[in-house]
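This report refers to the structure that appears directly beneath it.
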RNA sequence: GCCGGGAUGAUGGAAUGGUAGACAUAAGGGACUUAAAAUCCCUGGGCGCAAGCCGUGCGGGUUCGAGUCCCGCUCCCGGCACCA
């Protein structure tokens with residue numbers, strides 16, 4: 001027999017498949033359509049490493065699996081080739097980006113082809129192809145038409161390394177450039193912006209229609225959109241202006257003791273401020289700082305009071321001071337906040353530093369539950385109380401233990417003040433309840449505590465509110481007290497134990513506050529010091545107070561509009577022109593595509609202008625404005641200037657998946673019948689683009705839905721997340737670490753099929769795992785075994801193999817459907833190990849094995865399919881073997897025999913054996929009896945699983 | 001701080017609440033070989049001569065029975081974060 005030699009067969013079959021076009025997708029067939037898509041790659045100059053094909057192999061396995069199930073499968077591939085990396089590579093290697101992209105694409109395609117994918121290359125797309133980007137430009141025009149694309153001059157992220165403006169999504173979370181790692185600056189400049197914020201709510205809500213997306217990706221998008229529901233409330237200034245603030249805590253309005261503007265707030269420029277110089281100096285200082293410095297952790301708050309300016313708190317009409325401070329962000333909410341130091345950590349910190357009043361307006365509130373829930377028919381006492389945290393010289397704290405309603409209550413000492421002065425009441429409670437008399441007061445804890453509960457000792461509801469004091473005993477001197485009367489007992493406990501001992505929630509809360517450095521209560525509670533709103537819960541008060549002061553309930557989003565211009569060469573030209581007065585006009589759709597011109601120097605200018613600006617005969621163009629307000633070229637017309645900014649890398653990838661369906665259409669981006677036939681994408685596979693590509697594409701798709709280009713609201717109903725592969729040393733694969741392993745070497749050493757199998761076997765698909773080249777040996781050995789089994793073929797089936805074969809068919813089918821490729825491979829290994837032990841294998845059985853292996857190892861299976869079985873049609877077009885349900889029914893079952901839940905043996909019994917019989921055999925066929933220290937008290941039988949003998953100890 | 005995900009042998013990882021560690025790699029031993037590679041066989045969580053005991057990050061709980069369910073932690077990865 002010939003040895004298994006992948007080199008002899010892999011290239012051969014790849015060529016034959018291509019010649020016969022077996023993977024070419026027809027537009028219409030009598031089969032059901034199925035669209036499976038990879039996130040298309042950026043053809044960088046580095047080529048592929050072994051991490052990249054993982055997703056491509058997975059979609060390939062899945063696509064072949066679906067084809068064998070009779071689907072008309074669309075599995076395309078293309079190139080996301082505009083953007084900074086391609087351009088930076090070109091600059092570095094001194095070639096034109098076009099040339100660099102062509103070269104890199106060729107290299108990627110060659111590497112990809114080595115692993116034998118079933119892509120339909122006749123539908124290949126490239127975002128830098130004018131026939132493609134014509135439609136990207138067309139969609140931009142549509143957005144402009146709908147008011148979703150606009151020019152802005154706001155400060156934006158500027159990357160000094162890449163010399164271009166960037167979107168928020170292009171930054172790492174530490175504020176550096178995702179591409180080059182430079183610290184990004186804020187720079188005001190003209191730019192095109194897409195109004196993705198108009199879609200914020202739909203992007204958020206529709207995540208709920210995506211049950212087949214990983215939770216983590218959805219959560220990342222929710223965080224990114226960052227919806228927060230609150231109120232917008234206007235504060236009047238003594239200068240006559242009104243300032244709107246955004247708050248999620250309108251319930252705390254009565255506690256707003258100052259307001260704060262972001263230094264960049266436009267109103268600050270125009271107000272008549274007495275200390276104008278000081279204010280301007282501060283604003284200048286803040287402008288110097290990067291975002292990173294400004295938000296550095298643990299940074300002390302700074303700010304400047306606007307002298308001569310006061311605001312009126314609309315709730316209580318009190319005059320309050322106005323500050324600017326850089327802890328308030330210009331680009332969130334309204335750029336101004338009301339400060340409530342009693343209930344906000346940041347305001348508290350600022351208020352302490354600048355000695356601003358702190359006014360408590362929300363109290364912690366506990367309402368009794370279950371046995372101490374307030375009773376409707378009981379009388380309710382309203383009481384003011386004080387409670388005492390008592391410390392002794394050993395640093396222990398005193399609790400009181402009493403029994404009420406058959407449960408033990410443990411809490412601090414305390415009682416009603418009955419209108420007395422607090423200090424007198426404290427002395428009295430201490431003496432009466434504990435007998436101690438000699439103490440000093442350390443502090444009064446400033447947070448009010450409220451509770452409403454049924455007191456079993458008094459048979460009444462009690463609604464209490466009061467403060468906690470911290471006192472220290474100076475001596476153990478005691479007099480007789482309620483302890484001696486037997487009403488309760490005293491319990492001294494060390495600091496660490498207190499939390500676990502206290503079982504009154506409002507006392508537990510007070511203890512927590514006592515331990516905290518800053519006593520800021522930021523939770524919801526009930527209102528105090530808030531006039532007519534006292535007693536309301538925070539939730540109720542939010543809306544009522546907002547209405548009371550004439551504000552409105554409003555949502556704010558963290559998501560920012562999408563900065564869509566880049567001052568770089570290698571991108572789609574933005575199809576707009578300007579007349580001599582600077583008025584902007586959209587280019588007429590008939591002019592598209594606006595071709596990216598050739599240019600001598602495509603390096604960034606750094607001036608905030610794109611290199612396109614230097615090409616006079618492209619920039620300056622004669623034309624006229626049509627009745628529709630669009631620009632068309634006309635040699636006898638006026639001079640216009642073209643927009644020289646280009647689109648970002650993410651433009652083409654926001655809609656590319658539509659184009660595969662109809663790649664050659666000259667009239668439309670996509671034919672609407674074909675769109676309905678194929679979209680949405682059935683399965684989308686790729687790595688972490690949660691807050692970039694995946695949010696942009698969802699936005700773009702919804703826009704296309706709104707203009708009737710697509711028929712559904714979401715492009716990717718099922719997303720399979722791909723984990724990346726680390727180098728063998730556990731680090732990221734990188735030239736820098738010299739730990740890159742490329743697929744070419746793996747295919748060369750082990751063959752494409754063994755490589756493919758290992759990529760699928762390496763671990764759960766979504767897990768990040770380190771590569772291990774030794775591991776490929778395992779899948780190669782497995783294929784060698786499969787190869788050798790063809791020597792053992794007989795016409796008749798081997799009955800010993802029927803059950804495991806059919807079980808494996810079922811298991812593999814289920815696993816591929818669920819993207820559990822690692823367990824699919826392991827079960828094929830188990831099957832082949834079983835076959836190895838047998839004398840022979842039936843011809844049909846072997847054929848079934850080849851078929852379930854075919855999606856993973858397309859070459860070796862095709863080779864055997866033709867040479868051994870003499871088939872005329874490809875195994876990849878054959879029909880997936882269905883498992884026979886009757887063959888996977890066991891005739892016997894294994895029963896675990898346990899004593900007190902511990903496994904002591906197993907028995908095997910025929911299906912249908914009676915419970916009594918099983919219990920008998922459990923004793924007779926195992927050694928369980930030696931564990932019977934007495935007669936079993938109970939014998940428990942769990943059908944088809946276990947017998948458990950319960951022995952009393 | 002908030003949110004999401006995770007923690008199982010030397011390693012990647014299996015395991016509808018019912019024999020933990022399938023499958024694979026590395027390692028050790030043996031066969032074949034002049035030798036090596038390849039191949040085949042055996043061992044392969046810890047302790048123990050054995051019977052057995054202990055073991056799925058930690059502490060509790062539910063259950064006849066928990067890697068799996070519940071409560072409370074620790075640590076790791078990821079997202080957001082002076083976002084009002």
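What follows is calculated from the coordinates using simple rules that are stated; it is not laboratory data. Just so it is clear, the model here is predicted, and its values are computed rather than measured. So basically every Cβ, Gly included, is an ideal-geometry build from the backbone, and we count neighbours across all protein chains shown.
Evaluated at q = 0.13, 0.15, 0.30 Å⁻¹, a Debye calculation over the C-alpha positions of region A:481-529 (equal weights, vacuum) places log10 I(q)/I(0) at -0.48, -0.60, -1.19. Only DSSP H runs of four or more residues enter the estimate; each adds -39500 (n - 2.57), and after division by the residues of chain A the mean residue ellipticity at 222 nm equals -9500 deg cm²/dmol. Evaluated at q = 0.20, 0.23, 0.27 Å⁻¹, the base-10 log of the normalised Debye intensity for region A:780-859, with identical point scatterers placed on the Cα atoms, takes the values -0.84, -1.11, -1.48. Radius of gyration (Cα atoms) of region A:732-849, expressed as a multiple of 2.2 N^0.38 Å: 1.23. Computed from the C-beta positions of residue A:707 and residue A:28 and an R0 of 25 Å, the FRET efficiency is 0.45 to the nearest 0.05. Take every pair of alpha-carbon atoms less than 8 Å apart whose residues are at least six positions apart; their mean separation over the length of region A:284-363 yields a relative contact order of 20 percent. Using the beta-carbon distance between residue A:632 and residue A:580 and R0 = 25 Å, what value does 1/(1 + (r/R0)^6) give for FRET efficiency, to the nearest 0.05? It comes to 0.90. Only Cα pairs under 8 Å and 6+ residues apart enter the sum, and on that basis the relative contact order of region A:168-301 stands at 18 percent.
Distance between the modelled labels on residue A:458 and residue A:836, one decimal in nanometres: 8.0 nm (7 Å Cα→Cβ projection). In region A:698-789, the C-alpha radius of gyration followed by the widest Cα-Cα span (Dmax) gives 19.4, 59 angstrom.
The distance from the alpha carbon centre of region A:877-953 to that of region A:575-622 is 79 Å, rounded to a whole number. Using the alpha carbons alone, the radius of gyration of region A:634-678 stands to its Kirkwood radius in an Rg to Rh ratio of 1.21. Two numbers describe the Cα atoms of region A:681-739: Rg and Dmax, which are 16.7, 51 Å.
The ranking of A:804, A:889 by Cβ neighbour count inside 10 Å, starting from the fewest, reads A:889, A:804. Annotation: the residues A:877, A:592, A:459, sorted from fewest to most other C-beta atoms within 10 Å of their own C-beta, follow the order A:459, A:877, A:592.
Distance between the C-alpha centres of region A:324-375 and region A:850-872: 70 Å, rounded to the whole angstrom. Extent of region A:248-356 along its three principal axes (Cα atoms, max minus min coordinate, largest first): 38, 33, 26 Å. Across chain A, C-alpha contacts under 8 Å between residues 6 or more apart give a mean separation that, scaled by the residue count, equals a relative contact order of 14 percent. How big is region A:413-550 by the Kirkwood estimate over distinct Cα pairs, in Å? The answer is 17.5 Å. Each principal axis of the Cα cloud of region A:300-411 was taken in turn, and the coordinate range along them, longest first, works out to 62, 45, 26 Å.
The stretch between residue A:788 and residue A:944, if pulled fully straight at 0.36 nm per residue, gains 52.3 nm over its current Cα-Cα span. Listed from fewest to most Cβ neighbours within 10 Å, the set A:744, A:30, A:518 follows the order A:30, A:518, A:744. Extension gain for the segment residue A:882 to residue A:44, taken as residue separation times 0.36 nm less the Cα-Cα distance, is 297.4 nm to one decimal. How fast does chain A diffuse by Stokes-Einstein, in µm²/s, taking the Kirkwood radius from C-alpha pairs at 10 °C and 1.306 mPa s? The estimated diffusion coefficient comes to 46 µm²/s. Here, P(r) means the percent of Cα pairs in each 5 Å bin from 0 to the largest distance; for region A:508-594 it is 3, 9, 10, 10, 10, 7, 7, 5, 5, 6, 9, 9, 7, 3, 0. Over all distinct Cα-Cα pairs of region A:768-924, the Kirkwood formula returns a hydrodynamic radius of 18.0 Å. Size check on region A:335-469: the Cα extents along the three principal axes, sorted descending, read 55, 42, 28 Å. On the basis of the beta-carbon distance and an R0 of 22 Å, residue A:228 and residue A:270 show a calculated FRET efficiency of 0.15. Here the extension length gained between residue A:103 and residue A:890 equals 277.5 nm, from 0.36 nm per residue of separation less the Cα-Cα distance. One equal scatterer on each Cα of region A:162-246, no solvent, Debye formula: the resulting log10 I(q)/I(0) at q = 0.15, 0.23, 0.25 Å⁻¹ is -0.88, -1.12, -1.16.
Between region A:743-787 and region A:506-534, the C-alpha centres lie 60 angstrom from each other.
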